[in-house]
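Since the structure comes first, as structure tokens, the remarks are kept for the end.
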Amino acid sequence: MGARLHRCPQCTGFQYSGAPDCTECRYLVDGIIETQWARFLQEWDPDGAQDRREERELAAMVADEPDRHDWRIVDAALDRLECPRCHNPLGRGPVGCGPCDQADGFRYAAIETDRPDVTWGNEHAIRVNVAVVRRPHAVSAPELLGRRMVLPALLIGYMSTTAQAQRLGALVRALPPEEAVAELERLVETFAARL
């Protein structure tokens, strides 16, 4: 999360925007979550003595109290818990899986703290876009495209107005995917230039 956009060497789009299909971008998006989880574990147990079972127990505790933890910690905790019904990471299973749908909803009770010097709500926008990119089957193809393409701009501090977001959504739905990608990349570059 820096002040500049960078191209992904694998998909050639802006870093993060190729997820979930681009493995490099997917790794970066997951890193948003995993970096915070690693810090959380270090604070919880500075000696690093916990094993996988203890880590899952800690994850279950976090998942039971999402309103007491940063959203990244909650998302990482859910990744470490298996859904009893579909056996995917909890909250990332198919739409209609009761435990996953419930966990996906509860994740939004977690704490969102905007970074200094960004517009209020930027953190929420990052969180929603990350959640969508990490559970792509839960949304339409145009919504996924729009959210993944705007994520790089959000990460460097951009925040759209409601009207701008609605125009972007309409644009993505109106254009063929290839044209939408080109137009969104142009818009993201414009957003970045204003920061």
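The values are calculated or read from the model by the stated rules, or taken from the named source; none is laboratory data. Every value quoted in this text rests on a predicted model; they were computed, and no experiment measured them. Ideal geometry is used to build each Cβ from the backbone, glycine not excepted, and the neighbour counts take in all protein chains shown. The protein model used for the area step is the full one, side chains on, heavy atoms only, and it has no ligands, DNA or RNA in it. Shrake-Rupley method; radii C 1.70, N 1.55, O 1.52, S 1.80 Å.
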statement: When segment 55-93 is checked residue by residue, the ones that are surrounded by fewer than 16 Cβ atoms within 10 Å (Cβ to Cβ), over 14 Å from Gly105 (Cα atoms) and out of contact with any Leu (no Cβ under 8 Å at 6 or more places or on another chain) are Glu57, Met61, Arg68, Pro84, Arg85, His87
- prompt: Does any residue of segment 111-127 turn out to be open to solvent by less than 10 Å² (accessible area, probe 1.4 Å), part of a helix (DSSP H, G or I) and not charged (D, E, K, R)?
  reply: yes
query: Do we find a residue being closer than 30 Å to Tyr158 by Cβ, touching a Phe, Trp or Tyr at 6+ places or on another chain (Cβ under 6 Å) and among the basic types (Lys, Arg) anywhere in segment 110-124?
result: no
message: Pairs please, first residue from segment 167-181 and in contact (Cβ under 8 Å) with a residue 40 or more places away in the chain, second anywhere and part of a helix (DSSP H, G or I), Cβ atoms under 8 Å, 6+ apart in sequence or on different chains.
response: Val181/Leu145; Val181/Met149
- prompt: For segment 1-53, how many residues are in contact with a strand residue (DSSP E or B) (Cβ under 9 Å, 6 or more places away or on another chain) and open to solvent by 70 Å² or more (accessible area, probe 1.4 Å)?
  reply: 2
- request: Give the residue that is farthest from Glu143 (Cα to Cα), with candidates limited to residues of segment 7-40 that are of a type in the set (S, T, N, Q) and assigned to a loop (DSSP other than H, G, I, E, B).
  value: Gln10
- line: Checked segment 153-181 for anything under 21 Å from Val29 (Cα atoms), aliphatic (A, V, I, L, M) and not in a helix (DSSP H, G or I); matches are Ile156, Met159
